[in-house]
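Everything on this sheet refers to the single structure shown next.
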Amino acid sequence: MSFADRQRIDKWVWHARFVRTRVDAQSFIASGHVRLNGVRVTAPAHAVRAGDVLTMALDSRVRVVRVVGFSERRGNAAQAQLLYADLAPARRAYL
């Protein structure tokens, strides 16, 4: 498999800007806050592939995203949003 087919989960989470540093991504995953296709992942070197669904327990909420792409380098926020599709239902604004 080539780079375009998979990436380490810690690098992907960092490139997608869910955490600030790669070390934070490694400890976040090792502490069991990430599920890959419904299965808890604790190995930062575990591979993710396009189409995989990640469930992440972040500070104040749970994010559910589908992996749609990979990046060789960490880009800006707009580039990071191209790496995933948010699977959470749309929030409604109450007036």
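The values are calculated or read from the model by the stated rules, or taken from the named source; none is laboratory data. In this text the structure is predicted, and so the values were computed from the model without any measurement. Quick reminder, even Gly has a Cβ in these numbers, built from the backbone with ideal geometry, and neighbours come from all protein chains shown.
Brief remarks follow.
- Within this structure, Arg91 fails the test of being assigned to a strand (DSSP E or B) and modelled with pLDDT under 95.
- For Ala16, the stated conditions do not hold, so it cannot be described as modelled with pLDDT of 95 or more, surrounded by fewer than 19 Cβ atoms within 10 Å (Cβ to Cβ), closer than 18 Å to Ala80 by Cα and among the hydrophobic types (A, V, I, L, M, F, W, C).
- Per-region count, the range 45-67, residues at pLDDT 95 or above, of a type in the set (D, E, K, R) and part of a loop (DSSP other than H, G, I, E, B): 1
- Annotation for the range 7-14: no member residue is assigned to a loop (DSSP other than H, G, I, E, B) and acidic (Asp, Glu).
- Meets criteria (β-branched (Val, Ile, Thr), in contact (Cβ under 8 Å) with a residue 24 or more places away in the chain and either over 14 Å from Ala16 (Cα atoms) or loosely packed, with under 12 Cβ neighbours inside 10 Å (or both)) for Val41: yes
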